[in-house]
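The values are calculated or read from the model by the stated rules, or taken from the named source; none is laboratory data. On a predicted model such as this, the values are computed, not experimentally measured, just so you know. So basically every Cβ, Gly included, is an ideal-geometry build from the backbone, and we count neighbours across all protein chains shown.
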């Protein structure tokens, strides 16, 4: 019996060694190389160029409508769109769940280059995920376009200094397309004292900001009140 027991021990040891599969070890190593979570700043990615809200919306719509026609599975694209919607709402936990459930792998934590379980590549541009820094509302853009199409003319401005012992009204002629800042600079040579450090202009009870366009914010015939500070 002592000999039989001696033979059985190596068999048990051999079986114990076989329970550790070299294939499983390799699989575990591969899984460790994948990004488990998306980067938490994808909604802040840089987007080049100037966009209007309608143009951005249209470009995104075209991307989601046309991308599935080129490559990849429709259900994966749908999952990626749902993940992008979650990212835009800064719900990254939900985005992670959607991506993982779809079997999508990202090697760098973004959606610019990711793969499905079949190895198909999916690319989502930054402008689809994040908003550009220069994003203009359609209403503002329309006003700018309309003003560019307006014929430039000369406008006479009447400026009334508000300072104690102030000068009389000063009249200057400027182009209708210049800014209030430029008009302030044109006023200085027409003042008795020219060591001006700052000016604040008012019209119809409102402050005229430096970036305002003269023809847009100063009605014809209105007097501009100016608080002028000297050195």
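Report yes if residue 52 is surrounded by 15 or more Cβ atoms within 10 Å (Cβ to Cβ), over 17 Å from residue 113 (Cα atoms) and assigned by TED's automatic domain parsing to the domain that holds residue 114, otherwise no. Yes.
Yes or no: residue 207 in a strand (DSSP E or B) and buried (at least 17 other Cβ atoms within 10 Å of the Cβ)? No, not satisfied.
Taken over region 180-202, the criterion of being under 13 Å from residue 157 (Cα atoms) and in contact with a helix residue (DSSP H, G or I) (Cβ under 7 Å, 6 or more places away or on another chain) is satisfied by 180, 183, 201. Between 64, 51, the distinction of being at pLDDT 50 or above and under 23 Å from residue 100 (Cβ atoms) belongs to 64 only.
Just checking, how many residues over region 40-63 are free of Cβ contacts under 8 Å to residues at least 60 places away in the same chain and either touching a strand residue (DSSP E or B) at 6+ places or on another chain (Cβ under 6 Å) or not in a loop (DSSP other than H, G, I, E, B) (or both)? Going through region 40-63 one residue at a time, the tally reaches 5.
List the residue pairs whose Cβ atoms are under 6 Å apart, where the first residue sits in region 98-118 and is under 16 Å from residue 40 (Cβ atoms) and in the same structural domain as residue 80 (by TED's automatic domain parsing), the second is outside any loop (DSSP other than H, G, I, E, B) and at pLDDT 95 or above, and the two are 6 or more positions apart or on different chains. If the second residue must be outside any loop (DSSP other than H, G, I, E, B) and at pLDDT 95 or above, the pairs left are 98/79; 98/82; 98/83; 99/83.
Among the residues that make up region 76-91, is at least one of them modelled with pLDDT of 95 or more, more than 24 Å from the chain's Cα centre (by Cα) and either surrounded by 10 or more Cβ atoms within 10 Å (Cβ to Cβ) or not assigned by TED's automatic domain parsing to the domain that holds residue 121 (or both)? Checked against the condition, which is being modelled with pLDDT of 95 or more, more than 24 Å from the chain's Cα centre (by Cα) and either surrounded by 10 or more Cβ atoms within 10 Å (Cβ to Cβ) or not assigned by TED's automatic domain parsing to the domain that holds residue 121 (or both), region 76-91 yields at least one hit.
In region 156-163, the condition of being at pLDDT below 85 and assigned by TED's automatic domain parsing to the domain that holds residue 213 is met by at least one residue.
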